[in-house]
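The values are calculated or read from the model by the stated rules, or taken from the named source; none is laboratory data. Everything quoted here is computed from the prediction, not taken from an experiment. Please note: Cβ atoms are built from the backbone with ideal geometry, for glycine as well, and neighbour counts cover all protein chains shown. Quick note on the areas: whole protein, heavy atoms, side chains included, nothing else; ligands and nucleic acids left out. Shrake-Rupley method; radii C 1.70, N 1.55, O 1.52, S 1.80 Å.
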Amino acid sequence: NGYPEVGEKTRARVNAAAKAAHYQPNSRAQRLATGRAMTIGHVINLSGEAEMVNPIFADFLAGAGEVYAREGYDLLLSIVADHEVERAYRQMAAKGSVDGVMVQGPRIEDPRIPLLDQLG
């Protein structure tokens, strides 16, 4: 974990043992230790105007997921009814389940932007 009090030889031995054992850190433990979820959220509404009906939507999600994974992040996809969008964002913020969100199909004067700003 990069602790300065751990000697370089010890660090190398631990890293080699972890690699040999195919060790993967527990994401919940990492979240507790760092305060970061390492997850980007996407809230998609089910209306006919939703991005889901866009023919390139699946490609977009695949590409976003690939970029997130390359940087060590996961993608959280929440598909909700139109009237549940605000609740979904509030729930993500309250749970601390994401470090950020990708706003799908942003519009001029989009009410989600001030909501997200308020939620931090």
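A few notes on this one:
- Members of segment 11-35 found to be exposed (fewer than 10 other Cβ atoms within 10 Å of the Cβ) and either more than 23 Å from Tyr73 (Cα to Cα) or in contact with a strand residue (DSSP E or B) (Cβ under 7 Å, 6 or more places away or on another chain) (or both), listed by number: Ala20
- Every residue from segment 64-76 that is without any contact (Cβ under 8 Å) to a residue 12 or more places away in the chain and either open to solvent by less than 30 Å² (accessible area, probe 1.4 Å) or aromatic (Phe, Trp, Tyr) (or both): Gly65
- Matching helices (runs of 4 or more DSSP H) fully within segment 1-85 where at least 2 residues are within 24 Å of Leu119 (Cα to Cα) and modelled with pLDDT under 90: 27-34
- Count of segment 102-115 residues which are touching a Gly at 6+ places or on another chain (Cβ under 9 Å) and open to solvent by less than 50 Å² (accessible area, probe 1.4 Å): 0
- Conditions (1) within 30 Å of Gly2 (Cα to Cα); (2) exposed (fewer than 12 other Cβ atoms within 10 Å of the Cβ): number failed by Ile56: (1)
- Of all residues in segment 77-90, those that are touching a Ser or Thr at 6+ places or on another chain (Cβ under 8 Å) and surrounded by 13 or more Cβ atoms within 10 Å (Cβ to Cβ) total 1.
- Verdict on Ala93 being surrounded by 15 or more Cβ atoms within 10 Å (Cβ to Cβ), under 16 Å from the mean Cα position of the chain (by Cα), under 19 Å from Arg31 (Cβ atoms) and free of Cβ contacts under 8 Å to residues at least 60 places away in the same chain: yes
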